[in-house]
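The values are calculated or read from the model by the stated rules, or taken from the named source; none is laboratory data. It should be emphasised that the depicted structure is a prediction, and the values quoted were computed from it without experimental measurement. Here the Cβ positions follow ideal geometry from the backbone for every residue, glycine too, while neighbour counts run over all protein chains shown.
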Amino acid sequence: MSDMIVAQQEVLDADGRQATLLHFHRGQVLRILADSIALYRDRASVDDPLGNGVVGHELIPASLKLQFEPDSGFVREQRAGFVGLHGGAVLFIRPDGIALYDNAGNALRNHDPHWLIPFVKVN
């Protein structure tokens, strides 16, 4: 999977920790877990036990139940800045950051985002 924003998708399922990583062309990586989403400076930062390189981190509200699929991880569909998640929630990659919405309609209208992880300029 590659487009103008997401260069690659990586699905991890090791030691009971399921994750989907979205690698952005500019080097940042978005990690999606069942209960949280984090933006990292680069791929090496994802594995740093001290959390160096974390740009932002947010919890997924309990009302949103993400589901993990072995082939695609938590991502159901992804086109440009739109990331549909298994379970119905949507991430929208905006110019100012990454926002979480209950569904596609809310994301496309920018209605009631749960939170926004702002992009921080990467050197």
Those residues of the range 78-97 which are of a type outside the set (Gly, Ala, Ser) and in a loop (DSSP other than H, G, I, E, B) amount to His86, Pro95, Asp96
Residue count, the range 43-60, condition exposed (fewer than 15 other Cβ atoms within 10 Å of the Cβ) and of a type in the set (Asp, Glu), comes to 2
Of (1) surrounded by 16 or more Cβ atoms within 10 Å (Cβ to Cβ); (2) closer than 24 Å to Asp13 by Cβ; (3) modelled with pLDDT under 95, Val75 fails just (3)
Among the residues of the range 54-76, the number that are assigned to a loop (DSSP other than H, G, I, E, B), closer than 12 Å to Thr20 by Cα and among the charged types (D, E, K, R) is 1
Original post:
When you look at Ala38, is it assigned to a strand (DSSP E or B), of a type outside the set (Phe, Trp, Tyr) and surrounded by 18 or more Cβ atoms within 10 Å (Cβ to Cβ), yes or no?
Top reply: yes
Of the listed residues (Leu100, Leu108), the one being touching a Leu at 6+ places or on another chain (Cβ under 9 Å) and either part of a loop (DSSP other than H, G, I, E, B) or surrounded by 12 or more Cβ atoms within 10 Å (Cβ to Cβ) (or both) is Leu100
